[in-house]
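> This is the structure I want to talk about, given as structure tokens.
The values are calculated or read from the model by the stated rules, or taken from the named source; none is laboratory data. Computed from a predicted structure; not experimentally measured. A quick note on method: Cβ atoms are made from the backbone with ideal geometry, for glycine too, and the neighbour counts reach across all protein chains shown.
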Amino acid sequence: MYDTGYLIKAVIFDLGRVIVPFDFQRGYTQIEALSGIPAGDLRRQIAATGLVPQFERGEIEPHEFVKQFARHLNFEISYEQFSEIWCSIFLPETLVPEELLIGLMERYPLLLLSNTNAIHFEMIRENYPLLRHFDSLILSYEVGAMKPSPLIYQRAIEKAGCRAEECFFTDDIAEYVEGARREGIDAVQFQSAAQIEEELKSRGVIW
């Protein structure tokens, strides 16, 4: 059995590519048709605006984000149409079984810790009912900080109501796993639901 010297008292999941799968290419293809910018160049051009991190830290409200995004990429679009494209990246089948979340929720504080934004999360909340099993949602745009900032992990620890070492966290991005470990959290990189179930079992977590 895995042994840190601490019993796990809270379980924390990332959202994207841990609970909900996504594919940015689905959005890039639609924006290419509107802007004329090749889908292969869009990632770089969007990153150059600096808008997405600002939006995910809650520094720009949704309508202003859409307006600035369209202006930077030189195309016109309604807020509603943009939101539909912006959220089209998410795929319907979730990556962990709902039964796992239900079982964990009955025995431990279950938390969601995500770099996300107001447009994405409104859609996700409406379309993925399994999110109702989480006791607390620690969202970057509400906290005002993104992983791997220490602030967002500290907020998760506060919400968990236990020591950092008593929190188990999984994220698909290695940098964010390391950020959690720097704050004392027992964290592993997500590869599959089966792998995470084994990681939890090895720590004595039951569901």
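> Identify all residues within segment 144-187 that are surrounded by 20 or more Cβ atoms within 10 Å (Cβ to Cβ) and of a type in the set (Val, Ile, Thr); write none if there are none.
Ile152, Ile157, Thr170, Val177, Ile185
> While we're on this one: From (1) surrounded by fewer than 21 Cβ atoms within 10 Å (Cβ to Cβ); (2) without any contact (Cβ under 8 Å) to a residue 40 or more places away in the chain; (3) in contact with a helix residue (DSSP H, G or I) (Cβ under 8 Å, 6 or more places away or on another chain), pick out the condition that doesn't hold for Arg132.
Exception for Arg132: condition (3).
> Another one. Out of Glu76, Glu80, I need the residue that is at negative phi, in a loop (DSSP other than H, G, I, E, B) and either out of contact with any Pro (no Cβ under 9 Å at 6 or more places or on another chain) or not hydroxyl-bearing (Ser, Thr, Tyr) (or both). Which one? Show your work before the answer.
Numbers: Glu80 fails: in a loop (DSSP other than H, G, I, E, B).
The unique qualifying residue is Glu76.
> Being outside the structural domain of Pro38 (by TED's automatic domain parsing), touching a residue at least 24 places away in the same chain (Cβ under 8 Å) and within 21 Å of Glu59 (Cα to Cα): is that true of Ala160 here?
No: the conditions fail for Ala160.
> In segment 32-64, how many residues are in a helix (DSSP H, G or I), of a type in the set (Gly, Ala, Ser), under 22 Å from Leu15 (Cα atoms) and touching a residue at least 24 places away in the same chain (Cβ under 8 Å)?
0
> Within segment 169-177, is there a residue that is more than 21 Å from Phe22 (Cβ to Cβ) and either part of a helix (DSSP H, G or I) or of a type outside the set (Lys, Arg) (or both)?
no
> Give segment 92-129 a look and list any residue that's part of a helix (DSSP H, G or I), under 23 Å from Val52 (Cα atoms) and touching a residue at least 24 places away in the same chain (Cβ under 8 Å), or say none. Reasoning before the result, please.
From segment 92-129, those part of a helix (DSSP H, G or I) are 98-105, 118-127, 129; that's our starting set.
Going one step further and asking which of them are under 23 Å from Val52 (Cα atoms), we end up with 118-127.
If the condition is that a residue be part of a helix (DSSP H, G or I), under 23 Å from Val52 (Cα atoms) and touching a residue at least 24 places away in the same chain (Cβ under 8 Å), then Ala118, Ile119, His120, Met123, Ile124, Asn127 are the ones that fit.
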